[in-house]
């Protein structure tokens, strides 16, 4: 007989271990079952595909925020970056076509990520204020470019990523799946991914092993901005226009999804699987409350309660 198994039986059920291993999955299953029982429209194929389309943008920026959190920082500019990169790409596409527009969006994202990373690494705990400042700068820039008027008449090739399907499956959902796989491989099996985690756990120890901490942290902001850029292009495709208010407030949903998924504001902790389930849970909440006809004023309260619960459970588990 397995000695560890016998020991575990003697100790009885440990809820902390269960929560750490299966908590996020259990919460997802509970939400899914409750919504399936309370509204007939929820379990339809069309609604399930709609949920996948809806969470694609949130999923991408959540992966970016997760990457910065892994290294002990946070990126609060991703919501505004979605809108800014989206309208820049939309504007450029009207004059130079889709390819040039995508290249422009790519370089704008890199520039935003570099500024966030460079200024956030000038001292300790600067990333909140730096990226919050960038959020307002980008938001203002978006309105300067658009004059608060949506950019329409976009090339079909630009809106393809967010608007079309491959078979019955939305292209945005397939894009998110591909990016999730890349991130899972990156953090699970590559040296750069392990360096990011090491920096988040303990910067001084990481330095003692020869890791260039500031450089690693800047890279995480570049990754986050690129995720926001891709999300911005997808959102442009979904609404077939460059909207001046696109992405507003989504950084809070992204942070919430990452925290629900088990990441820590202290850095170094969390998994790509956890991010996926955190995003799915927020997607279920938004979709389910909409189907149930719940007043939008109460939806944020529900999301806030779920996020608070996740944070409290995380802190409780760490006190073991």
Against the definition (exposed (fewer than 13 other Cβ atoms within 10 Å of the Cβ) and modelled with pLDDT of 90 or more), how does residue 46 come out, yes or no? yes
Name the residue that is surrounded by the fewest Cβ atoms within 10 Å (Cβ to Cβ), counting only residues in region 189-202 that are in contact (Cβ under 8 Å) with a residue 24 or more places away in the chain and in a helix (DSSP H, G or I). 192
Within the set of pairs 6+ apart or on separate chains, which have a first residue in region 212-232 that is under 18 Å from residue 275 (Cβ atoms), a second that is not in a helix (DSSP H, G or I), and C-beta atoms under 7 Å apart? 220/71; 220/73; 221/75; 224/75
Take residue 301 and tell me if it is more than 13 Å from the chain's Cα centre (by Cα), without any contact (Cβ under 8 Å) to a residue 60 or more places away in the chain and either surrounded by 15 or more Cβ atoms within 10 Å (Cβ to Cβ) or closer than 27 Å to residue 127 by Cα (or both). yes
Can you tell me which of 87, 78 is more than 19 Å from the chain's Cα centre (by Cα), at pLDDT 95 or above and under 24 Å from residue 159 (Cβ atoms)? 87
Name the residue, out of 279, 272, 258, 294, that is surrounded by 14 or more Cβ atoms within 10 Å (Cβ to Cβ) and over 14 Å from the mean Cα position of the chain (by Cα). 294
Given 155, 244, 150, which one is closer than 20 Å to residue 89 by Cβ, touching a residue at least 24 places away in the same chain (Cβ under 8 Å), buried (at least 20 other Cβ atoms within 10 Å of the Cβ) and in contact with a helix residue (DSSP H, G or I) (Cβ under 9 Å, 6 or more places away or on another chain)? 244
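The values are calculated or read from the model by the stated rules, or taken from the named source; none is laboratory data. Because the structure is a prediction, the values reported are computed rather than measured. Every residue, glycine as well, gets a Cβ built from its backbone with ideal geometry; the counts of neighbours run over all protein chains shown.
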